[in-house]
1. Treat the count of other C-beta atoms within 10 Å as a stand-in for reagent exposure and order ARG337, ARG9 from fewest to most.
2. Which residues' amide hydrogens lie under 5 Å from the amide hydrogen of LEU89, considering only partners 5 or more residues apart or on another chain, with H built in the peptide plane?
3. About the Cα centre of the range 5-159, what is the dipole size in debye to 20, counting +1 per Lys and Arg Cβ and -1 per Asp and Glu Cβ, all else neutral?
4. If you take every residue apart from LEU294 with its C-beta less than 11 Å away from the C-beta of LEU294, what net charge results, scoring Lys and Arg +1 and Asp and Glu -1?
5. Suppose each label sits 7 Å from its Cα in the direction of the beta carbon; what would the ASP326-GLU267 distance come out to in nanometres?
6. Please order THR102, THR361, THR239 by the number of other Cβ within 10 Å, starting at the fewest.
7. Residues with amide H under 5 Å of ILE7's amide H, sequence separation 5 or more or different chain, H placed in the peptide plane at 1.01 Å from N; which?
8. Taking the number of other C-beta atoms within 10 Å as the exposure measure, put VAL134, VAL246 in order starting with the fewest.
Amino acid sequence: MNESFRIGRIAGVAVGCNWSVLVVFWLIAWSLAAEQFPDAHPGYSRTGYWVAGVVTAVVFFASLLAHELGHAVVARRLGMKVEGITLWLFGGVAKLGGDAATPQVEWRVGAVGPGVSLVAAGLFGAAAVGFDAVGMSELVVAIPAWLARINLILAVFNLVPAYPLDGGRVLRALLWQRHGDRVRATISAARAGRTFAYVLIGLGLAEFALGVSAGGLWFVFLGWFLLSAARAEEAGVTTNQLLDGVRVKDVMSADPVTAPASMTVAELLDGYILSHRFSAFPLIDDDGGLVGLLTLSRLKGLPAAERSTTPASRAACPISEVPTADPDEPVIHLLERIGTSPDGRALVLDEGRLVGIVSPTDISRVLQFEALRRPELTGRVTV
């Protein structure tokens, strides 16, 4: 659901689209213009059907955006950071920074989206009735009527108490309020999401196998997405618990071996990589300043014939793109920066001096240790 292109800002919130929106937009417009509207309201021109289909698709995505803006605006007013909104294959997502501070905040942020969709359904329904009352054509009336139905379906579907749906956030808020344990509530809501995902996948496979409709594959894909998101949330909250209190200095590989940036790649391969058996080397200039980070993965794309003439600094990741951390920083704060790093590593600096390096292997090692030391965190009992 990464953003492919930016639309702009609405109410101070950055709004973007994933390329998959174009596919869904075409499918909606085509199905309405070529099948649904002609079957239900015959007698109009092909151009008229396509105009109605495209207009309906545009307004539908506008209503999706309103749904997500509801989440974003309320979250920001309640003190949560809002990174933006991305529309994509399965609708949209408001990217919120961090967790809600209280169950009440979680409940309000989760419930507002379906509330917006319900209001939209009512407004479109009223518009359909009004258009019909004043004698507008059936095709014109069909546009708000379809939008009313789809927004009602969107609201009801999102109210299912299964994470990551909005109803799952409401469920998490209620369980959090009941037990006073956000982690336990999150795991329970995520597992409810996994159960619902399996139901969707099963229904979709059955519908496709029985030949009822190829649309069953859509339920399979949607169920797969919900399953992945629920698993990721459960794994994420467990990871946060396991790493709670762990500092970067507890995870890092101390005193990493550095290499001169002026070396050629061939010299570095022969003189450093083979003898030290590391897969990443911070590069330093003649004054001892950090220049970049060279990893074995970056050398794979360099032709063997160019290794003897290519400086290591040219093949390395520039130091400006390498995330850094303080030794006493919680490792939880470093996870996202490492995840977006080109090479998946971070350099640890103590007052500007290189003292360590953190790799995914280092974090995986401490996670395995903490899981052994605190098995109760990996086997939480659901509600």
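1. Listed from fewest to most nearby Cβ atoms, that is ARG9, ARG337.
2. Answer set, sorted by chain and number: SER20, VAL21.
3. Dipole size: approximately 520 debye.
4. Result for the neighbourhood of LEU294: +2.
5. Going from the ASP326 label point to the GLU267 one covers 3.7 nm.
6. Ordered by Cβ neighbours within 10 Å, fewest first: THR361, THR102, THR239.
7. VAL15, GLY16, CYS17
8. Ranked by crowding around the Cβ, least crowded first: VAL134, VAL246.
Taken together, the values in this text are just the output of simple stated rules run on the coordinates, not laboratory data. These numbers come from a predicted model, not from an experiment. Don't worry about glycine lacking a Cβ; one is built from the backbone with ideal geometry, like all the others, and counts go over all protein chains shown.
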